[in-house]
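These notes concern the structure reproduced below.
The values are calculated or read from the model by the stated rules, or taken from the named source; none is laboratory data. Note that the structure is a prediction, hence the values are computed from the model and not measured. A quick note on method: Cβ atoms are made from the backbone with ideal geometry, for glycine too, and the neighbour counts reach across all protein chains shown. Protein only, heavy atoms only, side chains kept; ligands, DNA and RNA dropped before computing areas. Shrake-Rupley method; radii C 1.70, N 1.55, O 1.52, S 1.80 Å.
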Amino acid sequence: MRRTPEVTVVIPTRGRWDLLSTAALPSALGQEDADVEVVVVDDGSTDGTAAGVAALDDPRIRLVRHGAPHGVARARNAGIEAAGGEWIAFLDDDDVWAPRKLRMQLEAAAAEGASFAYGGAAALAEDRSWVYSLAPPAPEALASMLLARNVLWGGCSNVIVRSDIARRLGGFDEHLFQLTDWDLWIRLSQAARAAACPEVVVACIEHRRSMLLTTDDDIFAELEYVESKHRAAREAAGVRLDRRIFTRWVALGHRRAGRRFRASRLYLTGAIRDRDPGDLLRALAAPFGEGPVGWARRAAQRRSPDEPSELAREPSWIARYR
């Protein structure tokens, strides 16, 4: 009989064994004071991912294989279906966790009687040096904030959720590619109580193989789908979709991919549409590289009180992944 773990960690991956083996897997298997199983969903890899997982010979790991790629939403849903734990934690193959991430979130959820939990998040450069950290939003404001924009930094790798809730909500919407996490967080926040850890629990590596940088999908079409899907909830709450922040996020992807002039055009579009001087600064700075954009971002933050709160210090645990 298969054991019942406390948490199932679901890791979707395709053709990125070098990242999976040095980021997500060490993070999941290195969790302290938490009983975990790890479900790796191999979504059609051809780089030896399955053999690499098998070679680890760790009884906590199970492999679910797709012979051909079906997309990240279906891969995560396959992980949800296979999960044996009371809780499910999602982890992208290129993200890393604090060593007590799961325990801190389980304790926070227990203290609040919550069905899901999240924490602060950090961004790392491609060499895994720390760039910045963001504080988590307050649970009492989360449902309303998510209707406007995705405020759960760190993507899918931040959240831990009760398995029964994840299944009852139907998992991830397989019509989506880039915005699967945001859509599920909206539904989750409308259906269940949340808890937050003030600590930085996840770090995302900004690299050139990131989905945001490599996809050719029309991400603005996905935005319209999400807007339409949750329009009734948004209208009932009196919340407007924040297209400004979304446009900045897409422009960030173009910047990271070296498409500086496309980023500049998006910032300029936002500056004109929203009459936003911060985006005008970003548009002017983007063609000249990350240094000027960083200056523009800091200048804009001084003007905009709704920018996310940055934390001043690098979490010490990040150094273990370099």
*By its C-alpha gyration tensor, with a ≥ b ≥ c as the square roots of the eigenvalues, how is segment 74-216 shaped: rounded for a/c under 1.5, else prolate for a/b larger than b/c, else oblate?*
rounded
*How would you classify segment 40-109 from its alpha-carbon gyration tensor, with a ≥ b ≥ c the square roots of the eigenvalues: rounded for a/c under 1.5, else prolate if a/b is greater than b/c, otherwise oblate?*
prolate
*the chain: most fluctuating residue of Ile272, Ile165, Ile88 per GNM, C-alpha cutoff 10 Å*: Ile272
*Taking only protein heavy atoms and a 1.4 Å probe, what accessible area per residue, in Å², does the chain have with all protein chains in place?*
44
*Residue separation times 0.36 nm, minus the C-alpha to C-alpha distance between Asp58 and Glu227: what's the value?*
56.6 nm
_Ranked by how many other beta carbons lie within 10 Å on average, peptides 224-231, 179-186, 30-37 from highest_ = 179-186, 30-37, 224-231
_Based on Cα coordinates alone, diagonalise the gyration tensor for the chain, multiply each eigenvalue by 5, take square roots, and list the semi-axes in whole Å, largest first._
31, 22, 20
*Mind telling me which of Ala114, Ala196, Ala98 comes out most flexible in a GNM of the chain, alpha-carbon contacts under 10 Å?*
Ala114
*What does the accessible area of Thr8 come to, in Å² to the nearest 10, when a probe of 1.4 Å is used?*
0
*How much of the accessible area of the chain, in percent, comes from carbon and sulfur atoms when a 1.4 Å probe is used?*
52
*Of all GluC sites (Glu not before Pro) in segment 111-202, which ones are in loop regions per DSSP and have a Cβ with at most 13 other Cβ atoms within 10 Å?*
Glu126
*So what's the net charge close to Asp173: Lys and Arg +1, Asp and Glu -1, counting the other residues with Cβ under 11 Å from its Cβ?*
0
*In deg cm²/dmol and to the nearest 500, what is the mean residue ellipticity at 222 nm of the chain if only DSSP H runs of at least 4 residues count, each as -39500 (n - 2.57), divided by the residue total?*
-12500 deg cm²/dmol
*Only Cα pairs under 8 Å and at least 6 apart count here; give the relative contact order of the chain as a rounded whole percent.*
18
*Only Lys, Arg, Asp and Glu count, each charged at its Cβ (+1, +1, -1, -1), so figure out the dipole size of segment 1-139 about its Cα centre, rounded to 20 debye.*
260
